Structure formats: structure tokens, C-alpha cells
Amino acid sequence: MAFVLSFDAEKPETPKANIPIGDCEIERIAWVGDERLLVWVLLDKNKKGQTTGIRWKGDVIRQFTRRVIAMDADGQNQVILFGNQKSTLSSRRNLGDVVDFSSEDGNSILMQAWDSQYNCLALHQVDVTTGNATLLERGASATDGWLTQKGVPVIRLDSTGSTVSVQTRAPGQTEWTFYKKYRRNEAAKLDGIDFLGSTPEPGIMLVATTLDGEDTQSIRTFDVRDLQFKTKVGGRSDRDMSGCVADRARRLVATTWIDDRLNYEFVDPDLARHYRSIGGFFKNDCNVAIRSISLQQDRLLVYVSGPRHAGSYWLYDRTKAKLQPLGAAYSGLSQTPLAGMEAIKLVSRDGRTLAAYLTTPTKATGKRPLIVLPHGGPETRDIYDFDPLVQALALEGWMVLQVNFRGSSGYGRAFADAGRKRWGDLMQNDVEDAVQTVLDRGEVDPSRIAICGISYGGYAALMGAVKTPDRYKAVVSIAGVSDLMKMLGFVRDIEGSSSMGYEYWLKTIGDPSNDRKAIAAASPALRAKEIKAPVLLMHGDLDGVVGVEQSRIMRNALKGAGRPVDYVEVPTEGHPNWGEDNHQMMVTRTIEHIRKAFA
């Protein structure tokens, strides 16, 4: 039986109500106004949490039923949203996509759901007191969703593969107008602009973008009436701004950026002071993420996490300067001592400053084994924070090294561009330079080093075993690229030779018409004979980002070269993140593979 616990913000230490929901999994909760609570429930997962999936636009859609229940704070007057549309309620698996929580009347929200009659997404106004849904408009066949302002759609996103067309409709207009095309990156954000939300001013949205002539991403206003970027509300010369926080009236509270940890630039200096006091409570060793803030900006719901803190929710009362715990994200880890992490700055062999993070087991002494864990993307990054995989490896007594090599995101356009067409050499050199930096400290057993990664990190693990075969005793590649030429062909076949996605990868990996020799040299599958360490390959059969053929090719190449290889293919999974059971299997097989090589 699933329950929702309701608290009085004035007395958060005492539950006000314990509301039974039923035999289901509660996915999330959210308020609509001050009176009604929404509860997302998953209804038909089996006892092991297994779900099947289908591939859709490069990702896997989980095949479970999602519904939203609306109720009063005490659990009374419960209704199911879309309750007046019996055929939609009985046939649609996902009825949980909320587009806008605000409306003029305060009693309705905007939700999108698939319209099987017209084969497109449709936008509905849903009354949270009755559950009744009313059709507002249908999208085009390729529509992925809408962005709205006070319940009025002003931006629509249509996609084909990873290419997204942005349509705009300013307040007072009746027709959609094409604005521009962007590529959707691996984090499902638009590569070039990220729509963050609306503002109180009609037609004005907040976006993150890097303008021509600028190196770092800033937060700006964007006017859907004249399609122009306007006021810069947040920016730095050394780091990309990543997002912002607004209150329920859509007033800007703060902009965010990441150095090693999450940082906020507040509009209100007094709120900044209170935020610093929260960080101080956690000894300035955690990320404090603001998940919600009240209309009066006197109460904050924050999520706290760090290397030694698996994650928890807290309520902060600004008037009382009081911090109250609400619940832990990983309650099973509450008694497990987590490994600490150290932020390291190093200089690569060609003089580039890099950030790395070294996790050290809590009880290990002497020279310890090391797991090198390059991140995916490659245009993502690691930060100083809790990471379940890192902690699982550290529990084995292994140190874990993560490095933001050139090509990573967050450090500006030039840093990301420095990795273009340098997968097999300069980016890999950065990883190896970080390893050498740690080796020079004398804390690592050089005879027990392994390398493991997911997606691009899986590629880097394989390429590390090619470039420095005597360094690594075990290799794990999860959904990794192995043959860059065939990877380019995979993207071309799915998205088309003139697509923005294919054009991006030509610039990032290399163009076969000019860079064929370098592409071959940077392909681990073509250099399998140079690998000495045993390799574990794992891949989801439904992966639409890095096709499963990449791991099959690598498996066959290693077998052909007489090299030891284990292979795991998961029929129901796409590009990680995997389902809970399969993710656990992934971690277990990784540890077993490395443990055996270290024995």
C-alpha cells in the first residue's frame, strides 16, 4: 500500500495526514495552488519492477500505466485526471505529462496526451477539482510538446530524430510561426538554446544560450513577439550558466552554474545569505538544490546531496531560519558510510587546465586499486556529488577517478570545441594525464587499475585499453562506441545525411571524406589486437543513441583477435538509464568482472 504523508509547514516535524493511495508506486507529487495536491502513480509494474519498452525517437518508452490523482491536502475529494474521457483513460498508458501548473482560474492545469485518432499529441485543459479534461489544440504529427505562459501555449517543439523545429505563437496570435531548428543533445536539451520557463511579462521567456561572439552560456530573456534575445539576467566568463529558479509567480529568484558543485546567483542578497547558511549546516560539502520556493519566498524545499550524502529533502523556513528534514532519497544507505571525494585540478601534457574528482574508500589503507570512470556524452560533465556507481565501486575498496576532459560541457564553447575530432588522441590523453596525476601521488596500486564507462565513457574505456594496454587490468564498456565509421553510418541511416544530428557528429567525430584515416585510428574495434585486458561489454538492444551493433562489432573483433571478452545484451533496454533490476545487474556484473581481474 502506497501512502502520501502531508505536513503542516508551521509544524513540519508532525505529520498532518497519512493518506492511503492504493497498490501502486507513487512517482511524484506536486501542488496546484494552496488547496489541491497531484499524485502521479504507476499502476502495472510487476513484482520485480520489470517493464518492457519500445524505442521512440532515440529513447525507450517504458510500458507501464501512469495516472494522476488530484485531491485535497487531507486526501479528501479524490479524482483521477482525464476522468471524463473514458476511452482515453482506458487506452492511454501515459496520462501524466503536465505542461503548465498555472492558469487564470487557479483550478486547472495544462496536460498533453497522445491522440490515437489523429496520431499526434494533444493539449488539454484539465480541471483539478473535477478531473475533467477539455481539448485545447492538437499538435502536428511530429510535435513533442509545448511551452506555455499562464496557461497559454507560446512555443511548440516538433522533432524528427534529434532535429527539433521550434514554433512560436506570441500572445494574441492565432497561428504558429517557424522560428529555428536545433539539435537535441544526449541530455534531451536543445543544442544552442534551452527554454527554462516563462516570466510575468507577456511573451517573455527565460532561456539559456550562447550568443555569437560569446564563449560561455548565459541566461537571457527571449521575446516570442520579435524572436530576439534581450536582457542578460545571468552570466559568467569562465563557466556556462545552467539554469534558473523562479517562484510560483514566475519571478526570477536565482540563476545557476556549476564549478565543482552547484552554485546560485540570487536576485535577493538576503536570500543568498540564507542559502549560504543551509550550505554551512552541511559543512559546505554538499550540493543544495532548490526544488521549490513559496510565493512569498519565505519557504524553500531543497534537495541536498554530496559524496558522503546520498540525498535528502529539507524544508527551510526563512523567517525562523529553521531547517527541517523531510525524507531521504536512499533510505537504505542511511547507515552506510559513504566514500569521500576530492576535487583535483591538473594540467594536461599540452597545458590545458582540467578538473577531476577522486573518490577514496572509507576504510582502505595502503596503496589501493583504481577505477577510471570517464563520463558519457562526451558533452556532459562530472561534478562533486553523490554517484551510486562511484559509491558501489568504492565499497569494494577501490578508488574512483573521474575527469572532465576537453570536450566536456560547462566550461564554455572553446573547451567543448577542443574535443572535436580528437576522440582518439587529445581527449584520451586528458584521461591518461589524470590517471598519471593520481599515480604520482603514490596512493594507487599501479598493478590494479581498471577502466569503465557508459556511452562515450564506454568508448573511452575501450580506447584507453588500446592506447595504454599495459596500464589496465580490466575494461568495462556499457553502450559504448567501438567503430566510429559505422557509428556515423548509424546516425546517417536513422536521421538522414542532411540532418543536424548527422552534421553534428561529422564535426565531432570526423568527416569520412576528409578524416577517414584518423577515424579508423580512433576506432577500438579496428585495433582490438592491441588490447590486453579482459573486456566486459553490455548493451541494450533498443539503444537508439549508440546502436547495439557497436558492442556486437567489438565483441566479434575481440574474439577474432583472441582476446578475452564477456558480452551481455539486454533486450528491453535502450541507452542508459536502465530499469532498476537491469541497472543493478549492470553494476553487479561490472564489479564481478573487475574483481576477478584484480584477484
* Asked: Is the stretch 413-511 best put as rounded, prolate or oblate by its Cα gyration tensor, with a ≥ b ≥ c the root eigenvalues, rounded for a/c under 1.5, and otherwise prolate when a/b is larger than b/c, oblate when not?
  -> prolate
* Over the heavy atoms of residue 299, what accessible area does a 1.4 Å probe trace out, to the nearest 10 Å²? -> 60
* Quick one: if you stick a label point 7 Å off each Cα along the C-beta vector at residue 178 and residue 549, how many nm between them? -> 3.0
* Asked: Under a plain spin-label model, where a point goes 7 Å from the Cα along Cα-to-Cβ, how far apart in nm are residue 212 and residue 283?
  -> 5.1
* To do: Identify the residues of the stretch 76-117 with backbone N under 11 Å of a label point that sits 7 angstrom from the Cα of residue 65 along the Cα-to-Cβ direction, or state none.
  => 89-94
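What number, rounded to the nearest 500 deg cm²/dmol, is the helix-based mean residue ellipticity at 222 nm of the chain, given -39500 (n - 2.57) per DSSP H run of at least four residues and division by all its residues?
-6000 deg cm²/dmol
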* Using only the alpha-carbon atoms of the stretch 198-258, report the extent along each of the three principal axes, biggest first, to the nearest angstrom. => 31, 26, 11
* Asked: Taking only the alpha carbons of the stretch 517-599, what extent do you get along each of the three principal axes, in Å, biggest first?
  -> 39, 36, 19
* **Linear extension gain, residue 248 paired with residue 345, 0.36 nm per residue minus alpha-carbon span** => 31.0 nm
* Given 0.36 nm per residue, what is the gain on full extension from residue 326 to residue 497 after removing their alpha carbon distance, in nm? -> 56.5 nm
* Asked: Kyte-Doolittle mean at least -1.0 and Cα extent at least 24 Å along the axis: which DSSP H helices of the chain qualify?
  -> 580-598
* Once label points are set 7 Å from the Cα along Cα→Cβ at both residue 301 and residue 17, what is their separation, rounded to one decimal in nm? -> 1.5
* Asked: How are the C-alpha pair distances of the chain spread across 10 Å bins, as whole percents from the shortest bin up?
  -> 3, 15, 24, 28, 20, 8, 1
* **Of the trypsin sites (Lys or Arg not before Pro) in the stretch 233-268, those whose Cβ has at most 14 other Cβ within 10 Å and which sit in DSSP loop** => 251
* **Estimated FRET transfer efficiency when R0 is 45 angstrom, pair residue 135-residue 511 (beta carbons, to 0.05)** => 0.45
* Structure fact -> Place a point 7 Å from the Cα of residue 364 in the direction of its beta carbon; the residues of the stretch 469-496 whose amide N falls under 19 Å from it are 471-477
* residue 119 to residue 29: FRET efficiency via 1/(1 + (r/R0)^6), r the Cβ-Cβ distance, R0 25 Å, to the nearest 0.05? -> 0.20
* Just reorder 26, 594 by solvent-accessible area, largest first, 1.4 Å probe, all chains present. => 26, 594
* To do: Would you work out the relative contact order for the chain, in percent, from Cα pairs under 8 angstrom that are 6 or more residues apart?
  => 8
* Pulled fully out, how much extra length does the chain show between residue 268 and residue 10, if you take 0.36 nm times their separation in residues and subtract their Cα-Cα distance? -> 90.5 nm
* Taking the Cα centre of the stretch 240-283 as the origin, how large is its charge dipole in debye, to the nearest 20, when only Lys and Arg (+1) and Asp and Glu (-1) carry charge on their Cβ atoms? -> 220
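The values are calculated or read from the model by the stated rules, or taken from the named source; none is laboratory data. Remember, it's a predicted structure, so these values are computed and weren't measured experimentally. Counting neighbours? That spans all protein chains shown, and the Cβs are built from the backbone with ideal geometry, glycine included. Calculation scope for accessible area: heavy atoms of the full protein, side chains included, ligands and nucleic acids excluded. Shrake-Rupley method; radii C 1.70, N 1.55, O 1.52, S 1.80 Å.
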